[in-house]
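The values are calculated or read from the model by the stated rules, or taken from the named source; none is laboratory data. On a predicted model such as this, the values are computed, not experimentally measured, just so you know. Heads up, the Cβs are rebuilt from the backbone with ideal geometry, glycines too, and the neighbour counts pull from every protein chain shown.
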Amino acid sequence: MSDSSGSSFVFLSNWKLGLAVSVPCFAVGLCVTFYNYFKTSGNTRLLDKPTANASIAKEANVENPPETNGIDQTAFKTKTLVEKVEDLKKLGNAEFLKRNYDMAITYYTQAILMCPESKQAALSVLFQNRAAAYSKLNNNENCLADCNNALALVPRYVKALSRRARVLSELGNLKLALEDITAATIFDDYKNQDDVIFSDNLLKSLGEQNLEEYTKHNAFNLPSKTFINQFLKSFCDDPFSDEFTMALLKSDINTGLEYALKCIQNQKFEEIEKACQEELNKADNSLIRESFALNLLATFYLLRGNYAAGIEHLTTVIENPNVPNKLIINSLIKRALIYHQQEEVDKSFEDFNRAEVIDPNSSAVYHHRAQIYLRGMNTKKAVKDLKKSLELNSNFDLSIIYYYFAQYCHAKRVSNANVKHFLIQLGDFVINYPDIPESFTLYTQALLENGAYRGADLVLKNALEIHPDQADFLVHRALIASSWKINGIFVAFRFIEQALNLDPKCNFAYETLGALYMRVGQQKDAIDCLEKAIPLPKSRKQLLYTFSLRNLAQTQLAIVERFRIMMPNGYTISENQ
């Protein structure tokens, strides 16, 4: 709606990026949310002050009015020029409220023509109000022009920034739209939830635009060997461990499906897709060999983030009635995971339910569906599914740790007195089953939720002694240090450096380093880190997150430079820290 009163332009001078420890579950991608907010700081100042507020002071001198365009001027004869401008604005506002937008524009135009140039704040409000009317008429060009005029007069005018962001979005300029709406939410102290939500949506839309453009010219890389191994091991009823595939592994043949299976065994993951394609190109192939090759190829498409091709191959296996049930169920679970990554939740659960109907005694169905429930915070159903999974396969360690974790999450969610009991249970599992990296991560998350930062850090320190190749553990320690210790931000930088020395292609480390640089106000360094993270192996969802975080850093830098904001003095980066 239009402005009918004076506007104040409040500048909030410091921001902080909230960092959450992300816990890998069963498959591809990270579920993350951006929390970007400004806080007032005595250490920050502006180089230029905002212009005066938007109220119009009375003025003694009277000037001849411009052309009237049919508006009766008799009522204005005894009033000052500024009073006439205010009256015209009010008439425009009244017509706006009655949805007579053309008439509102006429009044606003008369007020603009009559308003003294020295009254910049008043003129800015009039341009913004007329922009609002043009917006209602879907006249984006005139709306944009008036927003530009309003902001040229008062650069920190929240309503004009917000309106221009929306019209820029309509016109496809997402980058500048994001800058405007982010600035508007900052200056307004995040009071307008519509603007906050619009900012989040723009951030996602711009990231998706970047992702679409990137994928036109670049192929997705496979994630790390550690990640691939953990994903493959998450299938307890694995058809690739059956008699048929075991026989192929013992074969002297080193082409096609035989070679693909040997590549899994020898962790030559980059060669698997080529071997599967070779198998599928055979003219005299059997159904079972073709189905295994399609499933395995789809599995690595899933890991790459090539979801469309993955779904196509898995569907071919699923819809063939002559394929063994175990392979169909495995394919349904993997297709369900892809649907979940694509946020097609209903389709995901349809596939899980279909797999359960085919074989109600498949523990893998319940194990993986429980992960989806956990991500959706449906802890009650997660506990139920994991309990069923363990009843069917009590020796699957991953189900045990997730069952304990789900029990803890559910107890905490319903304020159950057993929270401490389940937390102790998680700790005991870590001690008894130290070979499972996920157990350390889940236990750490539970400790952090209870404010046990020192204990969580100690768990990860011990975990690194058992799993020295897990660079992610160092990144988690960095996140804990930055949230817990005095000057912990500097400790965090050292942990990230160690992680990158251990694994120079650790995507999680680069993303976290970028976020930490944003936190200390070093946006240029943050952008550099996140640019390095973009080509690293990751899923489609992870890449979207990286683009969004990079765009957020670029937006912050643009706002800093555009509004001449001094960087906060709270932190400086020094090798001597």
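Return yes when L448 is of a type in the set (A, V, I, L, M, F, W, C) and touching a residue at least 40 places away in the same chain (Cβ under 8 Å) and no when it is not.
Yes.
With the condition kept exactly as written, say whether any residue in region 326-333 is surrounded by 19 or more Cβ atoms within 10 Å (Cβ to Cβ) and either touching a His at 6+ places or on another chain (Cβ under 6 Å) or among the small types (G, A, S) (or both).
Yes: region 326-333 contains one or more residues that are surrounded by 19 or more Cβ atoms within 10 Å (Cβ to Cβ) and either touching a His at 6+ places or on another chain (Cβ under 6 Å) or among the small types (G, A, S) (or both).
Which one of A406, A370, A364 is surrounded by 21 or more Cβ atoms within 10 Å (Cβ to Cβ), more than 28 Å from N325 (Cα to Cα), touching a residue at least 24 places away in the same chain (Cβ under 8 Å) and touching a Ser or Thr at 6+ places or on another chain (Cβ under 9 Å)? Let's see the steps before the verdict.
Details: A370 fails: more than 28 Å from N325 (Cα to Cα); A364 fails: more than 28 Å from N325 (Cα to Cα).
Exactly one of A406, A370, A364 is surrounded by 21 or more Cβ atoms within 10 Å (Cβ to Cβ), more than 28 Å from N325 (Cα to Cα), touching a residue at least 24 places away in the same chain (Cβ under 8 Å) and touching a Ser or Thr at 6+ places or on another chain (Cβ under 9 Å), namely A406.
Of the residues Q522, Q542, which is of a type outside the set (D, E, K, R), more than 27 Å from G305 (Cα to Cα) and at pLDDT below 95?
Of Q522, Q542, the one residue that is of a type outside the set (D, E, K, R), more than 27 Å from G305 (Cα to Cα) and at pLDDT below 95 is Q522.
Which one is nearest to N322 (Cα to Cα) among residues in region 238-290 that are hydroxyl-bearing (S, T, Y) and in a loop (DSSP other than H, G, I, E, B)?
S286
Tell me the helices (runs of 4 or more DSSP H) entirely within region 430-526 that contain at least 1 residues that are surrounded by fewer than 20 Cβ atoms within 10 Å (Cβ to Cβ) and among the hydroxyl-bearing types (S, T, Y). Break it down stepwise before answering.
On the way: elements: 437-449, 453-466, 471-484, 488-502, 507-519.
Filter on region 430-526 gives 453-466, 471-484.
What number of residues within region 135-179 satisfy the criterion of being within 14 Å of Y108 (Cα to Cα) and buried (at least 24 other Cβ atoms within 10 Å of the Cβ)?
4
Say we look at region 482-500 and pick out the residues that are of a type in the set (S, T, N, Q) and at pLDDT below 95; which of these is farthest from D472 (Cα to Cα)?
The extreme case among them is N487.
With the requirement that a residue be touching a Leu at 6+ places or on another chain (Cβ under 8 Å) and in a helix (DSSP H, G or I), what does region 151-165 give you?
Just the residues of region 151-165 that are touching a Leu at 6+ places or on another chain (Cβ under 8 Å), to begin with: 151, 153, 157, 160-161, 164-165.
Result: L151, L153, A160, L161, R164, A165.
Quick one: L327 ticks every box in (1) assigned to a helix (DSSP H, G or I); (2) without any contact (Cβ under 8 Å) to a residue 24 or more places away in the chain bar one, so which box is it?
The one condition L327 does not meet is (2).
In region 191-219, how many are outside any helix (DSSP H, G or I) and buried (at least 16 other Cβ atoms within 10 Å of the Cβ)?
Within region 191-219, residues that are outside any helix (DSSP H, G or I) and buried (at least 16 other Cβ atoms within 10 Å of the Cβ) number 1.
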